[in-house]
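Novice: Below is the structure I would like to discuss, written out as structure tokens.
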């Protein structure tokens with residue numbers, strides 16, 4: 001597999017392998033990114049463990065490997081901007097600042113969860129944090145995300161909608177209907193394709209006749225970039241260009257994040273469609289967290305400094321896991337609530 | 001303190017599996033994410049990755065062991081800071097099932113798992129308190145089970161004047177758009193063309209291109225976009241040129257609009273109206289003639305309205321636009337040009353969920369909605385001449401269904417006929433009849449009868465189309481059947 005050619009990355013302003021991120025880059029940003037990415041990873045590992053213990057049921061799609069995408073993009077946002085994504089959504093929730101406790105308790109189906117246990121892994125929302133789900137129908141969130149951008153356009157509030165979808169959704173018809181609408185009305189929407197190379201078990205090469213997904217918006221005049229989605233700084237830089245473009249009223253922007261998921265599509269996916277070597281190679285050579293960790297250490301942080309972060313993250317996740325197991329199940333009366341908003 | 005590695009469940013249905021291979025041995029250091037072992041489930045061979053870090057001190061289940069129960073201890077770790085995985089019920093030790101597996105570790109006590117001391121338990125209790133309080137706040141202003149209104153009799157709105165259904169719909173939208181800047185109209189040909197059926201005539205001029213938006217012919221995309229906008233609190237009116245085209249967008253209507261309030265635990269409502277002509281027009285054949293009422297009425301989280309008169313159209317469309325829920329508003333093309341008396345009061349609005357007795361009678365109850373209410377009225381007139389007194393109920397709202405009004409009528413007449421254009425199978429009449437049977441069986445003097453469209457795709461030929469739709473004669477015959485006259 002190739003994570004975009006170096007020349008392609010350079011042409012579009014990204015960094016190739018020859019020019020690693022400067023060690024002097026803002027250590028505060030990287031420290032923050034390190035912490036956020038690690039929180040997602042540890043959270044997801046814990047979720048996988050709780051699933052294994054039967055505490056989480058149904059579908060559970062882990063984000064492990066892709067953390068740099070959502071963490072880098074979130075750094076480009078302002079208060080009031082919106083985020084929407086598919087069902088591989090736990091990382092997005094944590095990145096928008098939703099509490100680990102509420103997310104984990106939703107995974108275990110408890111009243112302390114963001115949806116009071118009624119949504120589960122794929123359906124969580126926080127209007128306060130600008131997170132609009134959490135959608136289980138592949139591609140549906142793309143039209144909905146255009147609608148978030150539409151609302152910004154209608155209100156003329158200068159906010160931007162980040163609309164994430166996977167390579168698996170990239171050939172859905174409504175994606176192109178949404179591209180057309182967003183371009184037609186110049187909606188402030190950053191469309192972000194998280195290309196993790198596989199839509200469930202089908203590799204993108206077998207599913208998409210379009211080879212460079214960043215060009216999929218070209219017929220509508222939507223500028224696109226391929227980005228090394230394993231490099232949080234590259235993500236952030238591209239994200240800043242995209243968000244600025246939207247805020248200036250120039251219409252939508254498309255980012256293809258070249259990333260990789262280490263785990264199966266969902267918990268019951270043995271991932272036999274790719275080799276263990278392929279996964280190991282990504283983990284060892286391209287891991288987004290290790291990349292930042294290395295820069296931080298080269299830039300003057302000590303192992304002890306990072307251990308403090310590691311421990312802090314571990315404690316949050318442990319606390320979330322305990323909360324998610326001790327928070328009660330929803331009261332039986334909850335079966336009947338929230339079907340309709342009462343009008344009288 | 002060490003950690004115990006448990007046999008994981010690797011699918012929603014797995015209860016046991018074969019530990020086919022260890023990839024680590026005793027004494028090995030493991031990092032989070034390392035593959036520890038391979039496990040064969042009934043479906044596939046899966047890899048088990050480490051979550052906790054440390055050194056494997058003991059392997060408790062040898063490789064090749066079959067029938068290892070989920071949550072049985074399979075190895076022990078030391079080191080790290082020992083976030084021992086809280087063991088659930090480990091179940092019957094595999095060994096007792098004649099397996100070679102080692103007996104699982106004693107599960108730790110609850111107190112140990114959850115932090116152990118009274119202080120931390122108290123803190124958790126406090127947390128639930130906060131969560132519960134938040135839940136209660138959210139619940140406020142949120143309905144329990146959707147129920148038809150049993151409010152007082154309909155208000156007398158005073159003087160009326162004759163207007164067409166078309167004018168009623170346009171006036172309703174204009175009034176609500178004047179009152180609320182968050183309301184806007186979008187759809188195919190709604191702006192510059194003034195509406196494919198001229199329902200939105202004049203709205204572009206009054207409200208401008210930001211609030212009256214022509215859409216490309218992409219129902220799936222623009223419906224999703226409208227639902228997304230509604231999730232932020234805007235109040236879109238989406239016009240479908242006909243509801244037949246809403247099939248392109250039904251995923252967003254049901255999965256994105258109707259279910260999100262529930263899936264979000266009451267956080268995210270979707271105040272949106274989907275409106276347009278539904279059912280048969282004239283000679284437009286199978287793909288443009290379907291009645292979708294029972295499709296949408298099936299879905300919790302939606303309200304479904306099917307007006308007949310101009311007053312229904314105006315009063316209920318205003319109510320639909322103000323409603324904080326997704327509302328399906330099913331119009332009828334043939335009714336657009338028909339004229340009815342409608343209150344002139346600026347504030348005129350009708351309650352959702354309230355049926356109307358259009359004609360009082362004593363011998364039979366005819367329940368209908370939309371254009372078929374007109375046919376029911378014709379049939380009642382004919383029946384009156386034959387000495388049969390029919391009561392006609394215009395449902396107006398299909399969900400929530402005002403069954404109380406129907407029951408009160410049936411308790412009086414003891415006979416029920418339902419009438420609609422749609423196919424009989426699983427239709428609205430079937431639901432009405434069943435609810436009557438459930439709630440007023442003893443009052444019925446005859447089995448209810450449904451009059452419905454023929455169970456075929458709508459034909460084009462004029463004579464066949466006529467045969468496919470209900471007729472006054474069929475209604476009269478149905479009434480004679482239930483009244484034994």
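Only the coordinates and a few stated rules stand behind these numbers; no lab work does. Owing to the predicted nature of the structure, the values given are computational and were not obtained by experimental measurement. In this analysis, Cβ positions are derived from the backbone assuming ideal geometry, glycine residues included, and neighbour counts consider all displayed protein chains.
Novice: By count of other Cβ within 10 Å, fewest leading, how are A:257, B:434, A:75 ordered?
Specialist: B:434, A:75, A:257
Novice: Would you tell me the mean number of C-beta atoms belonging to other protein chains that fall within 10 Å of each C-beta in B:46-52, as a whole number?
Specialist: Counting Cβ atoms of other protein chains within 10 Å of each residue's Cβ and averaging gives 5.
Novice: Continuing with the same structure: Taking beta carbons within 10 Å but only from partner chains, what does the mean come to for residues B:212-223?
Specialist: 5
Novice: Using per-residue counts of other Cβ atoms within 10 Å, averaged over each peptide, order A:34-42, B:438-446, A:144-152, B:53-61 from highest down.
Specialist: A:144-152, A:34-42, B:53-61, B:438-446
Novice: Follow-up question, since we're still on this one. Counting DSSP beta bridges with both partners in the stretch B:160-343, what percentage is antiparallel, nearest 5?
Specialist: Taking every DSSP beta bridge with both residues in the stretch B:160-343, the antiparallel ones total about 20 percent.
Novice: Report, as an integer, the average count of C-beta atoms from other chains found within 10 Å of each Cβ along A:321-328.
Specialist: If you average over the peptide's residues, the count of other-chain Cβ atoms is 5.
Novice: Test of understanding: ordering B:32, B:246 by Cβ neighbours within 10 Å, fewest first, what list do you get?
Specialist: Lowest to highest Cβ neighbour count: B:32, B:246.
Novice: Please sort A:281-289, B:300-308 by packing, taking for each peptide the average over its residues of neighbouring beta carbons within 10 angstrom, highest first.
Specialist: So the peptides A:281-289, B:300-308, ranked by packing, come out B:300-308, A:281-289.
Novice: Can you bin the stretch A:189-344 into rounded, prolate or oblate? Criterion: square roots of the alpha carbon gyration tensor eigenvalues sorted a ≥ b ≥ c, rounded for a/c under 1.5, prolate for a/b above b/c, oblate for the rest.
Specialist: In terms of gyration-tensor shape, rounded.
Novice: Is it possible to state the helix-based mean residue ellipticity at 222 nm for chain A, with each DSSP H run of 4+ residues giving -39500 (n - 2.57), the sum divided by total residues, to the nearest 500 deg cm²/dmol? What is it?
Specialist: The helix contribution divided over chain A gives -13500 deg cm²/dmol.
Novice: Another question, then. What percent antiparallel are the DSSP beta bridges of the stretch B:356-483, to the nearest 5?
Specialist: 20
Novice: Let me ask something else. Based on Cα positions only, what radius of gyration and what Dmax would you give for the stretch B:356-483, in angstroms?
Specialist: Over the stretch B:356-483's Cα set, Rg and Dmax evaluate to 13.8, 44 Å.
Novice: Taking the alpha-carbon set of the stretch B:160-343, what are its Rg and Dmax in Å?
Specialist: Calculated on Cα positions, Rg and Dmax stand at 15.2, 46 Å.
Novice: Which Rg and Dmax, in Å, describe the Cα atoms of the stretch A:26-321?
Specialist: Reported Rg and Dmax, both Å: 18.1, 53.
Novice: Moving on to the next point. If you count the DSSP beta bridges with both ends in the protein assembly as shown, what percent of them are antiparallel, to the nearest 5?
Specialist: Rounded to the nearest five, the antiparallel share is 40 percent.
Novice: If you find the alpha carbon centre of the stretch A:199-239 and of the stretch A:26-63, how far apart are they in angstrom?
Specialist: The stretch A:199-239 and the stretch A:26-63 have Cα centres separated by 24 Å.
Novice: How long are the semi-axes of the equivalent ellipsoid of the stretch B:279-344, defined as square roots of 5 times the Cα gyration tensor eigenvalues? Whole Å, largest first.
Specialist: 21, 20, 7
Novice: Further question: Mean separation of Cα pairs under 8 Å and 6+ residues apart, divided by the residue count of the stretch B:160-343: what relative contact order is that in percent?
Specialist: Rounded, it is 29 percent for the stretch B:160-343.
Novice: Return the inverse of the average 1/r over all pairs of distinct C-alpha atoms in the protein assembly as shown, which is the Kirkwood hydrodynamic radius, in Å to one decimal.
Specialist: About 29.4 Å, per the Kirkwood formula over Cα pairs.
Novice: Take peptides A:203-215, B:314-326 and line them up by average Cβ neighbours within 10 Å, highest first, as a rough protection proxy.
Specialist: Result, highest mean first: B:314-326, A:203-215.
Novice: If you take the Cα Rg of the stretch A:137-241 and divide it by 2.2 N^0.38 Å, with N the number of residues, what do you get?
Specialist: After normalising by residue count via 2.2 N^0.38 Å, the value is 1.06.
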